[in-house]
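Colleague: Please find one structure pasted underneath; my questions will follow.
No lab work stands behind these numbers, since they all come straight from the coordinates. None of the values given here were measured: they were computed from a predicted structure. With ideal geometry, Cβ positions are generated from the backbone for all residues, glycine too; neighbour counts draw on all protein chains shown.
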Amino acid sequence: MNTNTTITAPAAAQAPASSIVRLQGVSKIYGSGDAQVRALDDVSVGFGAGEFTAIMGPSGSGKSTMMHILAGLDAPTAGHVFVEDTDITALKDTALTKLRRDRIGFVFQSFNLFPQYTALKNVTLAKELLAQERPDFKQNKKAILEGIEAEGRALLSKMGLAERAGHYPHQLSGGQQQRVAIARALALSPDILCFDEPTSALDPELTGEVLKVIRGLAEQKTTMIIVTHEMAFARDVADQVIFMDGGIIVEQGDARQVIEHPREERTRQFLSRYEESSVSGQ
């Protein structure tokens, strides 16, 4: 398994410069005074290209905050985020938007599809808008748009949704909507694909549909980072697992090792509580 991902607990430690994306001394504080909440506390971590990392931990542990910061959707209170050699915390809004668009795909837990557009249009819209910036767009508009549509249909087919291209979000199940959202994230060929609890809004029977797609992407060595509570999936598919609690990384390593033989007591307690709740919910 790939072991490029590294963890640092001490403040002075740094993530490896070879990582495709890395956080260096990142903290995030919400509120002020007595209401201040430290969501992340001096986190440094790197993610290698072609690596699939699962981030786990209890609610409020900082998982989603870290995900949003590394994807450029939120800014840290302190520290730096690098996408290869680019410090995205130093970018102005326009440059940051372009970097996110070109390099980072993000799949939200709530799908975030445009209700007024079909599944196909949701997938192709961003690429169609970008195509209008091409100097040859007016001259070759028909061919360019036909090419984008063909790519969109191919992505939906890859998601098992070839027959749903003309359906609107309200005509799709939750699992189908999330697969459309994944296709949309893939449409611009991002270097990094981020998932923030992509199955948390789904019934158990629909969760499998989405996890199957993510498993297929992992087999293709797509660089992916996922926040998830799907322990068995993370153990079997992820290269690395990061366990977070209290805004810090408590434990990190080979996915099967961390989940089946955790070193840290906090990790063991969390996994034990999760197993108990899973059994009681059956």
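Colleague: May I ask for the net charge around Pro190, where only other residues with Cβ less than 13 Å from the Cβ of Pro190 are counted and Lys, Arg are +1 while Asp, Glu are -1?
Modeller: With Lys, Arg at +1 and Asp, Glu at -1, the neighbours total +4.
Colleague: Still on this structure, please answer the following. Please compute the contact order of the chain in relative form: average sequence separation of alpha-carbon pairs under 8 Å and at least six residues apart, divided by the residue count, as a percent.
Modeller: The value is 25 percent.
Colleague: Residue by residue, what Karplus-based ³J(HN,Hα) values in Hz, rounded to whole numbers, does the range 253-264 have, using 6.51, -1.76 and 1.60 with θ = phi - 60° and x for Gly and Pro?
Modeller: For the range 253-264, the Karplus-derived couplings read x, 3, 4, 5, 4, 5, 6, 8, 9, x, 8, 9 Hz, x marking Gly and Pro.
Colleague: Mind pulling the angle between the C-alpha long axis of helix 137-158 and the longest principal axis of the chain? Nearest 10 degrees, somewhere in 0 to 90.
Modeller: Orientation of helix 137-158: about 50 degrees from the principal axis.
Colleague: How large is the direction-averaged shadow of the alpha-carbon convex hull of the chain, in nm²?
Modeller: 16.6 nm²
Colleague: So for each of 116-122, 32-38, 191-197 I average, over its residues, the number of other beta carbons within 10 Å; can you give me the resulting order with the highest mean first? Write out the running numbers ahead of the final one.
Modeller: On the way: 116-122: 19.1, 32-38: 8.9, 191-197: 21.3.
Result, highest mean Cβ count within 10 Å first: 191-197, 116-122, 32-38.
Colleague: Sort Glu209, Glu265, Glu251, Glu128 so the one with the fewest other Cβ atoms within 10 Å of its own Cβ comes first.
Modeller: Glu265, Glu128, Glu209, Glu251
Colleague: Let me ask something else about it. Roughly what % of DSSP beta bridges within the chain run antiparallel, to the nearest 5? List each step's numbers first, then the result.
Modeller: Values: 23 of 39 bridges.
Rounded to the nearest five, the antiparallel share is 60 percent.
Colleague: Could you compute Rg(Cα) / (2.2 N^0.38 Å) for the range 116-202, with N its residue count?
Modeller: The value comes to 1.14.
Colleague: So what are the radius of gyration and Dmax for the Cα set of the range 139-282, in Å?
Modeller: 18.2, 64
Colleague: Let me ask something else about it. Along the charge dipole of the range 53-135, which of Val83, Gly62, Leu120 sits closest to the positive end, that is, farthest toward it, with unit charges on the beta carbon of Lys, Arg, Asp and Glu (+1, +1, -1, -1)?
Modeller: Farthest towards the positive end: Leu120.
Colleague: Once you have the alpha carbon radius of gyration of the range 25-89, what is it after dividing by 2.2 N^0.38 Å, with N set to its residue count?
Modeller: It is 1.16.
Colleague: Okay, next question. Can you flag which of Lys63/Lys127; Lys92/Lys127; Lys127/Lys221; Lys98/Lys121; Lys158/Lys221 are past 18 Å Cα-Cα?
Modeller: Numbers: Lys63/Lys127 30 Å; Lys92/Lys127 23 Å; Lys127/Lys221 23 Å; Lys98/Lys121 21 Å; Lys158/Lys221 16 Å.
Lys63/Lys127; Lys92/Lys127; Lys127/Lys221; Lys98/Lys121, as the Cα separations exceed 18 Å there.
Colleague: Measure nothing but the geometry: give the 0 to 90° angle between the long axis through the Cα atoms of 174-186 and the longest principal axis through the Cα atoms of the chain, rounded to 10°.
Modeller: Computed tilt is about 80 degrees.
Colleague: Right, here's the next one. For the Cα atoms of the chain, what angle does the longest principal axis make with the long axis of helix 204-219, in degrees from 0 to 90, nearest 10?
Modeller: The helix 204-219 is inclined about 90 degrees to the chain.
Colleague: Based on Cβ point charges of +1 for Lys and Arg and -1 for Asp and Glu, what charge dipole magnitude is obtained for the chain about its Cα centre, in debye rounded to the nearest 20?
Modeller: Using only the charged Cβ atoms, the result is roughly 860 debye.
Colleague: Here is a further query. For Phe108, Phe270, what ranking results if the residue with the fewest other Cβ atoms within 10 Å of its Cβ goes first?
Modeller: The fewest-first ordering by Cβ neighbours comes to Phe108, Phe270.
Colleague: Okay, moving on. Could you run the Debye sum over the Cα atoms of the range 161-214, one equal point scatterer each and no solvent, and tell me log10 of I(q)/I(0) at q = 0.26 Å⁻¹, two decimals?
Modeller: With one equal scatterer per Cα and no solvent, log10 I(q)/I(0) is -1.13.
Colleague: With +1 on each Lys and Arg Cβ and -1 on each Asp and Glu Cβ, how big is the dipole of the range 49-123 about its Cα centre, in debye rounded to the nearest 20?
Modeller: So the magnitude is around 320 debye.
Colleague: Given the options Pro76, Pro169, Pro135, state which has the largest fluctuation in a GNM of the chain using a 10 Å cut-off (strictly under) for Cα springs.
Modeller: Pro135
Colleague: Would you work out the charge dipole size for the range 134-185 about its Cα centre, treating the Cβ of every Lys and Arg as +1 and the Cβ of every Asp and Glu as -1, and quote it to the nearest 20 debye?
Modeller: It works out to roughly 100 debye.
Colleague: What value, in deg cm²/dmol to 500, does the helix sum -39500 (n - 2.57) over DSSP H runs of n ≥ 4 give at 222 nm once divided by the residues of the chain?
Modeller: Value at 222 nm, helices only, nearest 500: -12500 deg cm²/dmol.
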